[in-house]
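Each remark here refers to the structure printed beneath this line.
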Amino acid sequence: MYKKIIGFAVVFLFATAGNTYAYNVPMFTYKDVTDQAWEKDYVYTLSALGIIEGYPDFRYHSEELLSREAFIKLLVATAKVDISHALGIVPTDATGRWSAPYIAAASERHWIDFMVNEAGELKPEQPITREEVAAVVGNYLLDKVGTAGSQWTSGDWSKERDERAFADSSKINANIAPYVFYTVNRNVMEGDNQGFRPKSGLIRSEAAAVINRLVDIEAAVKKLEVTGFYAIKSSPAIGRMPLIDNVAMGWSHLEYDTEGTAKLGTDTTTYKVPDGYADVVKSADQAHVHKDLMVFYNDGKKLSVFLRDVPAQRAFVVQLVSKLGDPEFGFSGVSLDFEGLMDASDAPNYLQFVRDVKAAIGSKTLSISVPTDYYYKGYDLKGLSETADTLNLMAYDFTHDDSKLPSAPLPLVRDGVERVLRQGVPASKLVLGISKQANQWITTNGKTTTASPSIDLVEKRLADQNASKTWSLPYFLKLIHYQDGSAANDIYYEDTQSIAKKIWLAKVYNLKGISLWHMGNFTASDWDTIAKR
């Protein structure tokens with residue numbers, strides 16, 4: 001779980017049309033974490049977050065005691081501390097160990113001062129006790145509240161001690177008791193019928209539960225903006241406008257076929273102004289929703305040419321500005337969804353185009369949809385975030401048919417978010433895109449084909465008592481299995497439970513919000529979950 005594993009990450013290499021796509025992200029099942037294991041979700045959640053890595057034998061070893069250094073590493077990783085710049089003093093017996101950077105980071109913040117003995121030793125390999133875990137976590141949590149915690153440490157903590165009335169409270173080290181009981185107060189740790197068991201060691205399954213609770217209580221206070229993409233048969237969702245903050249009307253597209261000219265198309269493809277659009281605009285206005293005009297284009301090769309064709313860009317921007325100013329729609333901004341740029345040489349051209357759009361639209365807002373950067377290199381993510389008001393990360397469509405990799409496994413979504421943040425995009429501008437979809441594999445006589453079933457059909461299959469429905473880990477997606485004659489069917493589905501997990505992920509990374517592609521696909525149950533975000 002906490003050891004660095006060389007060559008252990010599951011690497012997906014996909015060869016398509018002469019290109020190799022690689023996702024160097026661990027996605028595997030632990031041999032010793034059964035479906036009935038109480039710690040199952042805790043373990044796979046931390047694995048999806050990249051906080052734990054596992055052992056080379058593909059086991060979790062739930063019952064093993066955790067060392068001091070291992071827990072320190074867990075907490076520092078959970079806190080997202082940059083260990084490369086840690087300035088804390090590393091105790092003499094931890095110098096040169098794998099854990100030294102994590103210990104330095106925790107030491108710098110005084111989370112572990114109480115663990116260092118008079119000889120200046122931490123004893124990093126020593127099993128950590130429950131009271132030590134609680135004290136480290138308590139120090140961390142109180143550090144976050146700053147001076148507001150002084151009242152707790154100066155006396156309020158004793159009220160918690162008295163209310164809990166653990167049978168073994170007197171055995172808790174008096175020097176760290178305020179921090180222990182703060183962790184208890186925040187419901188990160190608890191006792192049992194034996195008491196708090198302060199001197200007992202912490203096993204690995206318990207550690208997973210502690211860290212998950214810590215992540216959960218911090219994520220719970222985060223509020224997210226919700227952007228709904230109203231496009232492609234979204235009329236059933238018109239009544240959901242009050243549940244979102246922004247709506248991107250998928251009603252236009254770039255038309256570019258002739259050098260020197262281009263236009264904003266609103267009437268010739270799927271992305272067009274629909275019949276009854278006035279009702280949609282009225283619904284958004286009544287809900288006080290911010291309205292964007294979404295502009296779509298997904299021909300990467302033509303887009304690359306367009307980005308070098310200045311006259312065509314100017315013609316397009318003139319029409320865009322005109323449409324944004326049309327009082328019949330009352331658009332508040334524009335949402336650009338220009339897809340398919342794989343060559344890094346396109347990045348400066350696209351950035352300049354976005355800057356020109358931003359300058360032309362004046363006070364109206366600009367949102368840019370971008371893919372993850374595994375193989376789409378034509379997007380300067382940092383530069384785009386500096387220009388646009390929002391970056392919408394399309395963290396999906398990872399699907400690979402041969403390996404049965406579904407569209408949006410949680411570990412890949414998390415990795416995609418981290419990759420964007422590492423490029424300098426501020427979390428306050430990043431929106432996590434959630435695509436409501438299903439991926440189906442149909443196997444008949446040893447031959448497998450694929451399909452993308454409609455949401456209605458998948459929901460009907462969910463209601464079928466003869467179909468097997470499981471919570472698929474490590475993907476965190478619903479897996480539906482059923483037999484249709486001689487054909488075995490497997491469907492990975494972005495259901496309400498998996499959507500909730502992605503909303504949670506956006507909170508964990510303190511992102512600006514989430515986006516929904518597209519509104520018409522989301523079910524009543526999904527909307528109930530979205531409303532609680």
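List of remarks:
- Pairwise FRET efficiency - Glu418 versus Lys272, Cβ, R0 = 51 Å, nearest 0.05: 0.90
- Summary of the geometry: region 36-63 and region 427-481, compared by the centres of their Cα atoms, lie 24 Å apart.
- Using the Cβ of Trp111 as centre and a radius below 14 Å, the other residues enclosed give a net charge of -1, where K and R count +1 and D and E count -1.
- Taking the chain and dividing mean pair separation by its residue count, relative contact order in percent (alpha carbons under 8 Å, at least six apart): 12
- Lysine pairs in region 39-191 with Cα atoms under 27 Å, if 8 or more residues apart or on separate chains: 11
- Comparing Cα centroids, region 96-133 and region 368-414 end up 38 angstrom apart.
- Near Val33, the amide H atoms lying under 5 Å from its own belong to Tyr60; only residues 5 or more places off or on other chains count, and H is placed 1.01 Å from N.
- Close amide H partners of Val295, meaning residues 5 or more places away or on another chain with modelled amide H under 5 Å apart, are Ser335, Leu336, Asp337.
- Taking 19 Å as the limit for the C-alpha separation, the pairs Lys233/Lys532; Lys233/Lys404; Lys31/Lys502; Lys233/Lys436; Lys282/Lys532 exceed it in the case of Lys233/Lys532; Lys233/Lys404; Lys31/Lys502; Lys282/Lys532.
- Phi angles across region 273-285 convert, under the Karplus curve 6.51 cos²θ - 1.76 cosθ + 1.60 with θ = phi - 60°, into 3J(HN,Hα) values of 5, x, 4, x, 4, 4, 5, 5, 4, 4, 4, 5, 5 Hz, Gly and Pro given as x.
- Antiparallel DSSP beta bridges within the chain, as percent of all bridges there, nearest 5: 50
- Kirkwood hydrodynamic radius of region 207-291, from the reciprocal of the average inverse Cα-Cα distance over all distinct pairs: 15.7 Å.
- When the pairs Lys263/Lys302; Lys222/Lys364; Lys272/Lys501 are compared against a 21 Å limit on Cα-Cα distance, Lys222/Lys364; Lys272/Lys501 fall above it.
- Euclidean distance between Cα centres, region 247-292 to region 77-93, Å: 50
- Simple Cβ-charge dipole of region 45-120, Lys/Arg +1 and Asp/Glu -1, about Cα centre, in debye nearest 20: 180
Every number here is computed from the coordinates shown, using simple stated rules; none is lab data. Because the structure is predicted, anything quoted here is derived from the model rather than measured. With ideal geometry, Cβ positions are generated from the backbone for all residues, glycine too; neighbour counts draw on all protein chains shown.
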